[in-house]
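Visitor: Sharing a structure, written as structure tokens. Questions coming.
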Amino acid sequence: MARTIASFTCQECGAVHNKWTGRCDGCGAWNSVVEEAPAEQAPKGLGAGKGHSISFVGLTGETSDATRRISGISEFDRVCGGGLVPGSAVLIGGDPGIGKSTLVLQVLSRMATETPCSYISGEEAIGQIRMRATRLGLSEAPVQLAAATNVRDIITTLESTRNTGIVVIDSIQTMYVDSLDSAPGTVSQVRASAQELIRLAKRQGFTLLLVGHVTKEGAIAGPRVLEHMVDTVLYFEGERGHQFRLLRGIKNRYGATDEIGVFEMTDRGLQEVANPSALFLAERRGNVSGAVVFAGIEGTRPLLVEIQALVAPSSLATPRRAVIGWDSGRLAMVLAVLETRCGVALAGRDVYLNVAGGLKINEPAADLAVAAALLSAASDIPAPKDAVVFGEIGLSGEIRGVSQTALRLKEAAKLGFNQAVKPPSAKGERAGNISLTEISHLRELLTVLGWEPGRQNNDQNSEKNSATPRTEDAYS
Ligand code: TYD
Ligand code: MG
């Protein structure tokens, strides 16, 4: 009789160990290794069964371009690359309570009139989903609803109903394959369930939407392989205190990634935000120091956001550097360049940086806006009102060009800005009547902001070696 040997799987990375260990060798996570029943053994050796020969074809040929299924929720369709592709699998990850179930229900009910849609929930009872649908005013939509967690049952059912268009599994962590011993939510269950469902989706040509939970660390719970198995990975994110939500494309085999869709969570569900810049700038107060509007690009769309900085006296030996919504490594770089190339020393100060509205920015083009916010905060001089700022900063203090300048300027003009501080550009992009201030070195930013070099020099000679003439009075 064959002896079944239990295997020990890391719940973080999916690495398999042959004995329990406190720390996974694969990813270094502590306490993540759990005993699981072994997966079914593949036949030993490749000679065990004779395979069929496969045929090769050329790169060109008759392949019908699958028509995408469009939900009409344009923020969702755009992030999916222009609609859902039949036979593809989409993973929607996000924190609990962020609105994943609401989103998929809204998408399904829009699509249900065109194509048969099924919503399979392993988390909520039918009654709960119906209540939500009623609240959202969607109870008339012909969505097929079921509460189930056994993948075998789901597959049998879907195989018998041939003309399914879209299937939602909410969530993949609640599903289980009964041939495996481990509990739902463990790596092997999540992996096996997803594999079975994706295989069926490809075979039958329906779009599979998998809802996935996110761990404390922000990765989709279960193995990373889940992200490799699906065609599209979307993250639904947002700050708890804010009402808007971002749907972000992380991977897409059928379209561009780094596209975002912006929604607002209201009492009647998620509403599309057609003009996110206006939303992100809604609470802007004019004429305060430390606030600068950055003209950014998210995916194909321009997005204006306010970057706020606060420079405060520090009582710590190592001053604080707190960043929300931006990369702290890049903040350190901008501070170092300001100090070394422009003589603006903030080393002894606490620095706080915040991207207003809870947005996360990854573009290097935000460097210049961050530098401007820091300088404005340090000097207590408000940045020019109605100006947007963008540009990448190099280590020697040079301002580097960024992509999509025209798009950024156009958005700024649309929202009533009339000045742009930007890198020099040979193309000479213009938009509306925005006046362009092109700077090629970070030093020039001091002049743009009305920083008085005299004061700064005085400061540098003073014992404090600080570059903030005005705020200094407050604490010295
Ligand atoms: P839900 O879709 O259940 O989140 P997830 O599936 O990601 O766990 O969203 C639940 C939250 O959304 C809950 O905190 C209430 C809020 N919400 C609204 O504010 N308005 C609405 O119309 C709905 C349906 C939910
Ligand atoms: Mg849910």
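Visitor: Mean separation of Cα pairs under 8 Å and 6+ residues apart, divided by the residue count of segment 279-474: what relative contact order is that in percent?
Guide: 23 percent
Visitor: About its Cα centre, what dipole magnitude does the chain give when the only charges are +1 on Lys and Arg Cβ and -1 on Asp and Glu Cβ, stated in debye to the nearest 20?
Guide: Working: 48 positive and 51 negative charges, 109 e Å.
With only Lys, Arg, Asp and Glu charged at Cβ, the dipole is about 520 debye.
Visitor: Continuing with the same structure: Taking the Kirkwood radius as the inverse of the mean 1/r across Cα pairs, report the Rg/Rh of segment 55-166.
Guide: Values: Rg = 16.1 Å, Rh = 15.8 Å.
My calculation of the ratio gives 1.02.
Visitor: With a 1.4 Å probe and every protein chain left in place, work out the accessible area per residue of the chain in Å², rounded to a whole number.
Guide: Spelled out: the 1.4 Å probe surface of the chain, per residue, equals 49 Å².
Visitor: Related question: Over the Cα atoms of the chain, what is the Rg over Rh ratio if Rh follows Kirkwood? Kindly include the intermediate steps, with their values, before the conclusion.
Guide: Details: Rg = 27.0 Å, Rh = 25.5 Å.
Rg divided by Rh gives 1.06.
Visitor: Tell me what the chain gives for mean residue ellipticity at 222 nm when only DSSP H runs of n ≥ 4 count, each as -39,500 (n - 2.57), the sum divided by the residue total, rounded to 500 deg cm²/dmol.
Guide: Theoretical 222 nm ellipticity from helices: -7500 deg cm²/dmol.
Visitor: Right, another one. Quick one: angle between helix 187-204 and the longest Cα principal axis of the chain, in degrees between 0 and 90, rounded to 10, please.
Guide: Result, in degrees: 70.
Visitor: While we're on this one: Rounded to the nearest 10 degrees, what's the angle between the helix 126-135 long axis and the longest principal axis of the chain, both from Cα atoms, 0 to 90?
Guide: On a 0 to 90 degree scale, this one is about 40.
Visitor: Which percent, to the nearest 5, of DSSP beta bridges fully inside the chain are antiparallel?
Guide: 50 percent
Visitor: Can you give me the P(r) profile for segment 249-377? Cα pairs, bins 5 angstrom wide beginning at 0, each as a whole percent.
Guide: All Cα pairs, binned at 5 Å, distribute as 2, 10, 18, 20, 17, 13, 9, 6, 4, 1, 0 percent.
Visitor: In the chain, what percent of the accessible surface is made up of carbon and sulfur (1.4 Å probe, ligands and nucleic acids excluded)?
Guide: C and S atoms contribute 50 percent here.
Visitor: Can you pull the Kirkwood radius for segment 74-274, inverse mean 1/r over Cα pairs, to one decimal in Å?
Guide: 16.8 Å
Visitor: If you average 1/r across every pair of different Cα atoms in segment 163-299 and take the reciprocal, what Kirkwood value do you get, in Å?
Guide: Details: mean 1/r = 0.0569 Å⁻¹.
Value: 17.6 Å, from the Cα pair sum.
Visitor: Pairing the Cα long axis of helix 328-342 with the longest principal axis of the chain, what angle in degrees results, from 0 to 90 and rounded to the nearest 10?
Guide: The answer is roughly 20 degrees.
Visitor: Using heavy-atom solvent-accessible surface (probe 1.4 Å) with all chains present, what is the largest-first order of 20, 30, 326?
Guide: Sorted by accessible area, descending: 30, 20, 326.
Visitor: Also: If you count the DSSP beta bridges with both ends in segment 312-416, what percent of them are antiparallel, to the nearest 5?
Guide: Counting only bridges with both partners in segment 312-416, antiparallel ones make up about 50 percent.
Visitor: Need the full-extension length gain, residue 178 to residue 128, defined as separation in residues times 0.36 nm minus the C-alpha distance. One decimal, nm. Present the calculation step by step, with values, prior to reporting the outcome.
Guide: Details: separation 50, 0.36 × 50 = 18.00 nm, distance 2.61 nm.
Result: 15.4 nm gained on full extension.
The values are calculated or read from the model by the stated rules, or taken from the named source; none is laboratory data. No experiment lies behind these values; they were computed from the predicted model shown. Neighbour counts are summed over all protein chains in view; Cβ atoms, including those assigned to glycine, are modelled from backbone coordinates with ideal geometry. For the accessible areas, the whole protein counts, side chains as well, though only heavy atoms, and no ligand, DNA or RNA atoms are used. Shrake-Rupley method; radii C 1.70, N 1.55, O 1.52, S 1.80 Å.
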